[in-house]
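The values are calculated or read from the model by the stated rules, or taken from the named source; none is laboratory data. This structure is a prediction, so every number in the text was calculated from the model and none was measured. Virtual Cβ from ideal backbone geometry, glycine too; neighbours counted across all protein chains shown. Accessible surface areas use protein heavy atoms only, side chains included; no ligands, DNA or RNA. Shrake-Rupley method; radii C 1.70, N 1.55, O 1.52, S 1.80 Å.
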Amino acid sequence: MTDPVTLVEVWRGPFLESTHRGHAVICDSSGDIVQAWGNPDRVILPRSSCKMVQALPLIESGAAAAAGLTTEQLALSCASHQGALIHTSRVSAWLSDLGLGEGDLRCGPQEPDDTEARNGLIRAYEEPCQLHNNCSGKHAGFLTLAKHLNAGSEYIEPDHPVQKAVKEAFEEVTGQETPGYGIDGCSAPNFATTVHGLARAMSFFASCSADGASVRERAAAQLVQAMATYPELVAGEGRACTEMMRAMDGKVAIKTGADGVFVAIIPEKKLGVAVKIVDGGTRGSECAIAAILTKLGVLDPNHPATLKRMNGPMLNRRGIEVGSVRPSAALL
(Lines give C-alpha, C1' and ligand atoms only; values in the text may rest on other atoms or scores of the structure.)
Protein backbone atom coordinates (compact mmCIF):
# COMPACT_ATOMS: atom_id res chain seq x y z
CA MET A 1 0.00 0.00 0.00
CA THR A 2 1.43 3.39 -0.97
CA ASP A 3 -1.43 5.75 -0.15
CA PRO A 4 -1.97 7.23 3.30
CA VAL A 5 -4.69 5.56 5.34
CA THR A 6 -7.27 7.05 7.66
CA LEU A 7 -5.74 6.95 11.14
CA VAL A 8 -8.00 9.36 13.03
CA GLU A 9 -11.71 10.20 12.85
CA VAL A 10 -13.46 13.27 14.21
CA TRP A 11 -17.10 12.68 15.12
CA ARG A 12 -19.67 15.34 15.92
CA GLY A 13 -22.72 13.67 17.33
CA PRO A 14 -23.57 10.78 14.96
CA PHE A 15 -21.70 12.32 12.02
CA LEU A 16 -18.17 11.60 10.84
CA GLU A 17 -17.13 15.22 10.33
CA SER A 18 -13.51 14.85 9.24
CA THR A 19 -10.58 12.45 9.09
CA HIS A 20 -6.81 12.59 9.39
CA ARG A 21 -4.90 10.32 7.03
CA GLY A 22 -1.29 9.35 7.34
CA HIS A 23 1.51 6.85 7.57
CA ALA A 24 2.88 5.07 10.63
CA VAL A 25 5.53 2.44 11.37
CA ILE A 26 6.52 0.38 14.40
CA CYS A 27 10.09 -1.00 14.23
CA ASP A 28 11.87 -3.60 16.34
CA SER A 29 15.47 -3.51 17.59
CA SER A 30 16.82 -4.81 14.29
CA GLY A 31 15.07 -2.02 12.40
CA ASP A 32 12.53 -4.38 10.84
CA ILE A 33 8.89 -3.37 10.54
CA VAL A 34 6.58 -4.91 13.14
CA GLN A 35 3.49 -3.15 11.82
CA ALA A 36 2.85 -0.38 9.34
CA TRP A 37 0.00 1.77 8.10
CA GLY A 38 0.08 3.58 4.79
CA ASN A 39 3.45 3.80 3.05
CA PRO A 40 6.58 3.08 5.14
CA ASP A 41 8.72 4.38 2.27
CA ARG A 42 7.08 7.81 2.20
CA VAL A 43 9.86 10.41 2.40
CA ILE A 44 9.19 13.00 5.09
CA LEU A 45 10.89 15.79 6.98
CA PRO A 46 10.89 14.69 10.64
CA ARG A 47 11.01 18.28 11.86
CA SER A 48 11.48 18.52 15.64
CA SER A 49 10.70 14.86 16.24
CA CYS A 50 14.36 14.02 15.50
CA LYS A 51 15.99 16.40 17.99
CA MET A 52 17.45 13.51 19.97
CA VAL A 53 19.23 12.43 16.77
CA GLN A 54 20.52 15.97 16.26
CA ALA A 55 21.84 15.90 19.84
CA LEU A 56 23.89 12.71 19.42
CA PRO A 57 27.09 14.48 18.26
CA LEU A 58 26.89 16.75 21.31
CA ILE A 59 27.60 13.74 23.53
CA GLU A 60 29.61 11.58 21.12
CA SER A 61 32.16 14.31 20.51
CA GLY A 62 32.89 14.73 24.19
CA ALA A 63 31.48 18.27 24.08
CA ALA A 64 28.75 17.56 26.65
CA ALA A 65 31.21 16.07 29.13
CA ALA A 66 33.78 18.83 28.58
CA ALA A 67 31.11 21.48 29.23
CA GLY A 68 29.77 19.58 32.25
CA LEU A 69 26.25 19.45 30.84
CA THR A 70 23.57 18.21 33.21
CA THR A 71 20.73 15.81 32.51
CA GLU A 72 18.41 18.84 32.44
CA GLN A 73 20.50 20.44 29.71
CA LEU A 74 20.50 17.23 27.67
CA ALA A 75 16.69 17.18 27.95
CA LEU A 76 16.60 20.77 26.69
CA SER A 77 18.82 19.81 23.75
CA CYS A 78 15.95 17.52 22.65
CA ALA A 79 13.20 19.98 23.49
CA SER A 80 10.50 21.87 21.66
CA HIS A 81 9.74 23.92 24.74
CA GLN A 82 7.09 26.59 25.12
CA GLY A 83 9.26 29.44 26.33
CA ALA A 84 8.29 29.26 29.99
CA LEU A 85 10.67 30.58 32.63
CA ILE A 86 11.83 27.06 33.47
CA HIS A 87 13.04 26.80 29.88
CA THR A 88 14.42 30.26 29.14
CA SER A 89 16.25 30.64 32.45
CA ARG A 90 18.04 27.34 31.95
CA VAL A 91 19.02 28.08 28.37
CA SER A 92 20.25 31.54 29.39
CA ALA A 93 22.39 30.05 32.18
CA TRP A 94 23.74 27.40 29.78
CA LEU A 95 24.85 30.07 27.30
CA SER A 96 26.41 32.09 30.10
CA ASP A 97 28.43 29.07 31.19
CA LEU A 98 29.76 28.88 27.62
CA GLY A 99 30.75 32.53 27.71
CA LEU A 100 28.02 33.24 25.17
CA GLY A 101 24.66 34.97 25.11
CA GLU A 102 21.28 35.16 23.43
CA GLY A 103 22.80 36.96 20.44
CA ASP A 104 24.93 33.91 19.62
CA LEU A 105 21.83 31.83 18.90
CA ARG A 106 20.69 31.50 15.30
CA CYS A 107 17.16 30.21 15.91
CA GLY A 108 15.35 33.57 15.73
CA PRO A 109 12.89 35.10 18.22
CA GLN A 110 9.53 33.47 18.86
CA GLU A 111 6.53 34.51 20.93
CA PRO A 112 6.37 32.04 23.82
CA ASP A 113 3.50 29.57 23.85
CA ASP A 114 3.52 29.68 27.64
CA THR A 115 0.70 32.01 28.67
CA GLU A 116 2.41 33.40 31.76
CA ALA A 117 5.61 34.15 29.85
CA ARG A 118 3.72 35.75 26.98
CA ASN A 119 1.60 37.90 29.28
CA GLY A 120 4.70 38.89 31.22
CA LEU A 121 6.32 40.22 28.06
CA ILE A 122 3.17 42.15 27.16
CA ARG A 123 2.91 43.72 30.62
CA ALA A 124 6.59 44.71 30.50
CA TYR A 125 6.30 46.07 26.95
CA GLU A 126 9.06 43.68 25.92
CA GLU A 127 9.57 41.72 22.73
CA PRO A 128 10.21 37.96 22.69
CA CYS A 129 13.80 36.98 22.07
CA GLN A 130 15.63 33.91 20.82
CA LEU A 131 15.60 32.31 24.27
CA HIS A 132 11.83 31.99 23.85
CA ASN A 133 12.27 30.05 20.60
CA ASN A 134 11.08 26.49 21.16
CA CYS A 135 14.39 25.25 19.72
CA SER A 136 16.73 27.37 21.86
CA GLY A 137 17.84 24.33 23.87
CA LYS A 138 18.77 22.45 20.71
CA HIS A 139 20.68 25.49 19.51
CA ALA A 140 22.51 25.81 22.84
CA GLY A 141 23.59 22.23 22.21
CA PHE A 142 24.76 23.14 18.71
CA LEU A 143 26.76 26.07 20.15
CA THR A 144 28.32 23.79 22.76
CA LEU A 145 29.45 21.42 20.03
CA ALA A 146 30.67 24.26 17.79
CA LYS A 147 32.78 25.68 20.60
CA HIS A 148 34.20 22.24 21.39
CA LEU A 149 35.16 21.78 17.74
CA ASN A 150 36.59 25.30 17.51
CA ALA A 151 34.27 25.77 14.55
CA GLY A 152 32.70 28.98 13.26
CA SER A 153 29.74 30.83 14.72
CA GLU A 154 27.33 30.03 11.86
CA TYR A 155 26.59 26.56 13.14
CA ILE A 156 23.30 26.28 11.20
CA GLU A 157 24.98 26.25 7.80
CA PRO A 158 24.68 22.81 6.12
CA ASP A 159 28.45 22.63 5.51
CA HIS A 160 29.33 23.58 9.10
CA PRO A 161 31.08 20.81 11.11
CA VAL A 162 28.11 20.71 13.50
CA GLN A 163 25.60 19.97 10.75
CA LYS A 164 27.96 17.55 9.03
CA ALA A 165 28.14 15.60 12.30
CA VAL A 166 24.35 15.72 12.62
CA LYS A 167 23.92 14.40 9.07
CA GLU A 168 26.34 11.52 9.68
CA ALA A 169 24.52 10.50 12.85
CA PHE A 170 21.12 10.89 11.17
CA GLU A 171 22.04 8.64 8.25
CA GLU A 172 23.51 5.98 10.49
CA VAL A 173 20.57 5.66 12.87
CA THR A 174 17.93 5.87 10.13
CA GLY A 175 19.89 3.36 8.05
CA GLN A 176 19.33 5.48 4.96
CA GLU A 177 21.20 8.04 2.94
CA THR A 178 19.18 11.21 3.24
CA PRO A 179 17.81 12.54 -0.06
CA GLY A 180 18.30 16.10 1.12
CA TYR A 181 17.11 18.64 3.64
CA GLY A 182 14.73 21.50 4.22
CA ILE A 183 15.41 24.50 6.43
CA ASP A 184 13.46 24.19 9.65
CA GLY A 185 11.58 26.94 11.45
CA CYS A 186 14.65 27.48 13.63
CA SER A 187 16.89 27.89 10.53
CA ALA A 188 18.80 24.61 10.98
CA PRO A 189 18.83 21.95 8.24
CA ASN A 190 16.22 19.24 8.73
CA PHE A 191 17.29 16.07 6.94
CA ALA A 192 14.69 13.95 5.16
CA THR A 193 14.14 10.23 5.59
CA THR A 194 11.31 7.75 5.20
CA VAL A 195 8.72 6.98 7.86
CA HIS A 196 10.45 3.61 8.18
CA GLY A 197 13.83 5.30 8.55
CA LEU A 198 12.52 7.53 11.33
CA ALA A 199 10.95 4.57 13.14
CA ARG A 200 14.22 2.64 12.73
CA ALA A 201 16.09 5.53 14.36
CA MET A 202 13.67 5.47 17.29
CA SER A 203 14.09 1.70 17.66
CA PHE A 204 17.86 2.25 17.81
CA PHE A 205 17.37 4.67 20.72
CA ALA A 206 14.99 2.18 22.35
CA SER A 207 17.60 -0.58 22.14
CA CYS A 208 20.53 1.35 23.65
CA SER A 209 21.73 1.19 27.23
CA ALA A 210 24.05 3.20 29.45
CA ASP A 211 26.66 0.43 29.21
CA GLY A 212 26.30 -0.01 25.45
CA ALA A 213 29.15 -1.23 23.30
CA SER A 214 29.60 2.00 21.35
CA VAL A 215 29.84 5.69 22.23
CA ARG A 216 26.77 6.32 20.07
CA GLU A 217 24.72 3.73 21.96
CA ARG A 218 25.67 5.22 25.31
CA ALA A 219 24.91 8.72 24.02
CA ALA A 220 21.48 7.62 22.81
CA ALA A 221 20.69 6.05 26.18
CA GLN A 222 21.67 9.30 27.95
CA LEU A 223 19.33 11.34 25.81
CA VAL A 224 16.39 8.97 26.30
CA GLN A 225 16.95 9.05 30.05
CA ALA A 226 17.10 12.84 30.01
CA MET A 227 13.84 13.15 28.09
CA ALA A 228 12.03 10.67 30.33
CA THR A 229 13.39 12.25 33.52
CA TYR A 230 12.47 15.83 32.63
CA PRO A 231 9.33 15.72 30.45
CA GLU A 232 8.46 19.26 31.54
CA LEU A 233 11.64 20.53 29.87
CA VAL A 234 11.04 18.60 26.65
CA ALA A 235 7.72 20.42 26.06
CA GLY A 236 5.86 22.08 28.95
CA GLU A 237 2.75 22.07 31.07
CA GLY A 238 -0.37 21.06 29.15
CA ARG A 239 1.61 19.72 26.21
CA ALA A 240 1.15 16.20 24.82
CA CYS A 241 4.81 15.15 25.11
CA THR A 242 5.02 16.18 28.75
CA GLU A 243 1.65 14.85 29.86
CA MET A 244 1.87 11.48 28.13
CA MET A 245 5.47 10.84 29.22
CA ARG A 246 4.34 11.50 32.79
CA ALA A 247 1.40 9.15 32.26
CA MET A 248 3.86 6.42 31.27
CA ASP A 249 6.01 7.03 34.39
CA GLY A 250 9.11 7.89 32.40
CA LYS A 251 9.25 4.48 30.74
CA VAL A 252 8.70 5.88 27.24
CA ALA A 253 10.15 8.94 25.53
CA ILE A 254 7.98 10.67 22.94
CA LYS A 255 8.55 13.71 20.78
CA THR A 256 6.34 15.75 18.50
CA GLY A 257 7.38 17.51 15.33
CA ALA A 258 5.71 20.20 13.24
CA ASP A 259 3.40 19.28 10.37
CA GLY A 260 1.93 16.15 11.90
CA VAL A 261 4.98 14.12 12.95
CA PHE A 262 5.23 12.19 16.22
CA VAL A 263 7.70 9.55 17.42
CA ALA A 264 8.03 7.22 20.39
CA ILE A 265 10.95 5.37 21.98
CA ILE A 266 9.93 2.33 24.05
CA PRO A 267 13.01 0.81 25.77
CA GLU A 268 11.14 -1.95 27.63
CA LYS A 269 9.94 -3.38 24.32
CA LYS A 270 12.89 -2.15 22.22
CA LEU A 271 10.41 -0.62 19.80
CA GLY A 272 10.45 2.62 17.87
CA VAL A 273 7.39 4.36 16.40
CA ALA A 274 7.01 7.08 13.79
CA VAL A 275 3.77 8.77 12.68
CA LYS A 276 3.20 11.27 9.87
CA ILE A 277 -0.21 12.86 9.38
CA VAL A 278 -0.33 14.13 5.81
CA ASP A 279 -2.51 17.18 6.49
CA GLY A 280 0.07 18.33 9.03
CA GLY A 281 -2.45 18.48 11.87
CA THR A 282 -1.28 18.14 15.47
CA ARG A 283 -4.71 16.89 16.52
CA GLY A 284 -4.29 13.90 14.23
CA SER A 285 -0.70 13.09 15.19
CA GLU A 286 -1.43 13.28 18.93
CA CYS A 287 -4.41 10.95 18.63
CA ALA A 288 -2.53 8.51 16.40
CA ILE A 289 0.52 8.24 18.67
CA ALA A 290 -1.73 7.85 21.72
CA ALA A 291 -3.62 5.05 19.95
CA ILE A 292 -0.41 3.21 19.03
CA LEU A 293 1.04 3.56 22.53
CA THR A 294 -2.24 2.24 23.95
CA LYS A 295 -2.20 -0.61 21.43
CA LEU A 296 1.33 -1.53 22.57
CA GLY A 297 0.20 -1.58 26.20
CA VAL A 298 2.44 1.24 27.49
CA LEU A 299 -0.19 4.00 27.80
CA ASP A 300 -3.35 3.69 29.88
CA PRO A 301 -6.32 4.39 27.57
CA ASN A 302 -8.25 5.84 30.51
CA HIS A 303 -5.55 8.18 31.76
CA PRO A 304 -6.60 11.85 31.55
CA ALA A 305 -3.55 12.59 29.37
CA THR A 306 -4.75 9.96 26.91
CA LEU A 307 -8.41 10.98 26.96
CA LYS A 308 -7.37 14.57 26.26
CA ARG A 309 -6.14 13.38 22.85
CA MET A 310 -8.07 10.18 22.12
CA ASN A 311 -11.65 9.09 22.79
CA GLY A 312 -12.29 11.76 25.38
CA PRO A 313 -15.28 14.09 25.04
CA MET A 314 -14.94 17.06 22.70
CA LEU A 315 -16.61 20.02 24.41
CA ASN A 316 -17.97 23.22 22.95
CA ARG A 317 -17.45 26.63 24.52
CA ARG A 318 -20.34 26.04 26.97
CA GLY A 319 -18.81 22.78 28.13
CA ILE A 320 -21.37 20.65 26.31
CA GLU A 321 -20.10 17.35 24.90
CA VAL A 322 -20.50 17.50 21.13
CA GLY A 323 -18.22 14.77 19.78
CA SER A 324 -14.89 13.02 20.03
CA VAL A 325 -11.56 12.46 18.27
CA ARG A 326 -11.02 8.73 17.81
CA PRO A 327 -8.49 6.39 16.26
CA SER A 328 -9.80 4.72 13.14
CA ALA A 329 -10.57 1.02 12.95
CA ALA A 330 -7.22 0.55 11.19
CA LEU A 331 -5.36 1.60 14.34
CA LEU A 332 -7.35 -0.53 16.76
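Among rounded, prolate and oblate, which fits the chain when a ≥ b ≥ c are the square roots of the eigenvalues of its C-alpha gyration tensor, a/c under 1.5 means rounded, and a/b larger than b/c means prolate?
Oblate.
Quick one: which residues, 5 or more positions from residue 44 or on another chain, have an amide H under 5 Å from its amide H? H modelled 1.01 Å from N in the peptide plane, none for Pro or chain starts.
Long-range HN contacts for residue 44: 193, 194, 195.
Treat each spin label as a single point 7 Å out from the Cα along the C-beta direction, and report the residue 154 to residue 16 distance in nm.
In this crude label model, residue 154 to residue 16 measures out at 5.1 nm.
Apply the Karplus parameterisation 6.51 cos²θ - 1.76 cosθ + 1.60, with θ equal to phi minus 60°, to every residue of the stretch 181-194 and state each ³J(HN,Hα) to the nearest whole Hz, in sequence, with x for glycine and proline.
With the stated coefficients, the stretch 181-194 comes to 8, x, 8, 6, x, 8, 6, 8, x, 10, 7, 7, 7, 8 Hz.
Name the residues whose placed amide hydrogens come within less than 5 Å of the amide hydrogen of residue 271, ignoring near sequence neighbours (fewer than 5 apart) on the same chain.
Distant-sequence amide H within range of residue 271: 266.
Short version: ³J(HN,Hα) in whole Hz for each residue of the stretch 156-172, in order, from phi by Karplus 6.51 cos²θ - 1.76 cosθ + 1.60 (θ = phi - 60°), x for Gly and Pro, what are they?
Listing the rounded values in order: 8, 5, x, 9, 6, x, 5, 6, 5, 5, 4, 4, 4, 5, 4, 5, 5 Hz.
Using each residue's phi in the stretch 96-103, evaluate 6.51 cos²θ - 1.76 cosθ + 1.60 at θ = phi - 60° and report the 3J(HN,Hα) Karplus result to the nearest Hz, with x for Gly and Pro.
4, 4, 7, x, 10, x, 4, x
Non-local amide H neighbours of residue 184 (under 5 Å, H modeled in plane, Pro and chain starts lacking H): which ones?
190
Would you work out what percent of the accessible area of the chain, with all protein chains in place, is carbon or sulfur (probe 1.4 Å)? Don't jump to the answer; show the numbers that get you there.
On the way: 6690 of 13680 Å².
Reported share for carbon and sulfur atoms: 49 percent.
Taking a probe of 1.4 Å, how large is the accessible area per residue of the stretch 288-332, in Å²?
Heavy-atom SASA per residue in the stretch 288-332 reads 54 Å².
Using a Gaussian network for the chain with springs between C-alpha atoms less than 10 Å apart, which of these wobbles most: 261, 278, 91?
278
List the cysteines in the chain whose Cβ has no other cysteine Cβ under 4.7 Å from it.
So, 27, 50, 78, 129, 208, 241, 287.
Rank-order 179-191, 34-46, 129-141, 10-22 by packing density, defined as the average count of other C-beta atoms within 10 Å over each peptide's residues, highest first.
129-141, 34-46, 179-191, 10-22
If each DSSP helix of 4+ residues adds -39,500 (n - 2.57) and the sum is divided by the residues in the chain, what number results at 222 nm, nearest 500 deg cm²/dmol?
-11000 deg cm²/dmol
Compute the Cα gyration tensor for the stretch 29-158, then decide on rounded, prolate or oblate, letting a ≥ b ≥ c be the square roots of its eigenvalues: rounded whenever a/c is under 1.5, prolate when a/b is larger than b/c in the other cases, and oblate in all that remain. Let's see the in-between values first.
Numbers: a/c = 2.11, a/b = 1.30, b/c = 1.62.
Taking the square roots of the gyration eigenvalues as a ≥ b ≥ c, the stretch 29-158 is oblate.
Can you tell me which of 288-297, 111-120 comes out highest on packing, and rank the rest after it, using the mean Cβ neighbours within 10 Å?
Packing order, densest peptide first, comes out as 288-297, 111-120.
Might you work out the accessible area of residue 148 for me, using a 1.4 Å probe with all protein chains in place, and round it to the nearest 10 Å²?
80
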